[in-house]
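Q: Here it is: the structure, laid out below.
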Amino acid sequence: MSADNKSLIIKKLIENGKKKGVLSYKEIMDALMEIDLNEKQIDKIYEAIEAKGIELVEDFDKELEEIQSNQEEEEIDISVPEGVGLDDPVRMYLKEIGKVPLLSAQEEIELAERMHEGDERAKKRLAEANLRLVVSIAKRYVGRGMLFLDLIQEGNLGLIKAVEKFDYTKGYKFSTYATWWIRQAITRAIADQARTIRIPVHMVETINKLIRVSRQLLQEHGREPHVDEIAREMNMNEDRVREIMKIAQEPVSLETPIGEEEDSILGDFIPDSDAPAPSEMAAFMLLKEQLMSVLDTLQPREAKVLRLRFGLDDGRARTLEEVGREFKVTRERIRQIEAKALRKLRHPSRSKKLKDFLE
């Protein structure tokens, strides 16, 4: 995304906040999720929002409401999603974080106050109490190219940033603020690591939207949607939709096993357009054998001159000058030897062996 487009999105976000006087964290999440920003840039945007006197308010979407309500009831689901293998490291980690009690709103404030005074233990306690929140969010990103444990790890990095930047004086719950940082860390990691070819964060979100729209249209029409239908639903032109579809394609390994017994690989069935056909290669080898046989009937000096002049040994043809230096004679003498050798090859006793290959 160009710098102009980024500036336009941020400008629209701030203008929207100025008109209403408030912005919800969800509105900020949705707007900034489309932009590939670093930590310092995000901080500057929050500073700009505050400088304009725009109030930040809580306005959860269904997903955040579920997380918030579960946290209040100490019922955050840290079970493993269906289809995810539960190996020992994951099992041990979930067991350990399940032992950490959640915090009440008052305890959050008390810890935040202690953090403000430089208490590192308070910072650690706030982070540990929200590790289950990370797992709950990470589950929603399973199946996008990263292992479940890696998603949790990246989400934990986002949680640490949220702990460091949390401002309790705003009066909002920590989970509201932390959710955005956790999501941002996970989606950025997916964009950076999940694909062989890296795709920017904003493009990952666009691809995900295209996939959601395609599935929705498939359910509505009972068939695969056409490009023009997807374009109308996404408010894009058809060329842009085709471009996104092309970007979304995953590279396929040439080592991919093929067949029921997987005894072949994909590379075995892909022809090399630069390589000669087997029949041509076989004919060439037979021609070379016959040609060498014919050259052996010439004088050794004549045969070597032809080999050098036409590159029969290494594929590199030499000039008369180069061959002359090889034999320590003039280029004119080499030309004479070459002409004599070619005349001999044209004799029926020799040329008939090559005739079939030249027709």
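No lab work stands behind these numbers, since they all come straight from the coordinates. A quick note: this is a predicted structure, and the numbers were derived from the prediction, not measured. Don't worry about glycine lacking a Cβ; one is built from the backbone with ideal geometry, like all the others, and counts go over all protein chains shown.
Q: Could you tell me how many cubic angstrom of Cα convex hull volume the range 199-249 has per residue?
A: Cα-based convex hull of the range 199-249, divided per residue, equals 66 Å³.
Q: Turning to a different aspect of this structure: I need the P(r) histogram for the range 220-359: all alpha carbon pairs, bin width 5 Å from 0 out to the longest distance, whole percents.
A: 2, 7, 11, 11, 9, 7, 7, 6, 5, 6, 6, 6, 6, 5, 4, 2, 0
Q: Taking amide H atoms as placed 1.01 Å from N in the peptide plane, list the residues 5 or more away in sequence, or in a different chain, whose amide H sits under 5 Å from that of I258.
A: Result for I258 returns D263, S264, I265, L266.
Q: Mind pulling up the Rg/Rh value for the range 279-358? Radius of gyration and Kirkwood radius, both on Cα.
A: In the range 279-358, Rg relative to Rh is 1.00.
Q: Going by how many other Cβ atoms sit within 10 Å of their own, how do Y93, Y177 line up, fewest first?
A: Least to most surrounded, the residues fall as Y93, Y177.
Q: With +1 on each Lys and Arg Cβ and -1 on each Asp and Glu Cβ, how big is the dipole of the range 97-229 about its Cα centre, in debye rounded to the nearest 20?
A: Value, rounded to 20: 280 debye.
Q: Counting only residues 5 or more places away or on other chains, whose amide H sits under 5 Å from the amide H of L23 once H atoms are built in the peptide plane?
A: Those lying under 5 Å, H to H, from L23 are E55, L56, V57.
Q: As a footprinting exposure proxy, order M236, M281 by other Cβ within 10 Å, with the fewest listed first.
A: So the ranking, lowest neighbour count to highest, is M281, M236.
Q: Which FRET efficiency, nearest 0.05, do R232 and S253 yield, Cβ-Cβ r, R0 35 Å?
A: Result of the calculation: an efficiency of 0.50.
Q: Measuring from the lowest to the highest alpha carbon on each principal axis, how far does the range 263-310 reach, largest first, in angstroms?
A: 52, 17, 16
Q: Given contacts defined as C-alpha pairs under 8 Å and at least six residues apart, what's the relative contact order of the range 279-358, whole-number percent?
A: Here the relative contact order equals 30 percent.
Q: So how far, in whole Å, is the C-alpha centre of the range 137-176 from the one of the range 279-312?
A: 71
Q: Okay, next question. So if R0 is 45 Å, what FRET efficiency would E113 and R215 give, r being the distance between their Cβ atoms, rounded to the nearest 0.05?
A: 0.45
Q: Taking the Cβ of each residue in L111, L254 as the centre, tally the other Cβ atoms inside 10 Å and list the residues starting with the fewest.
A: With the sparsest Cβ surroundings first, the list reads L254, L111.
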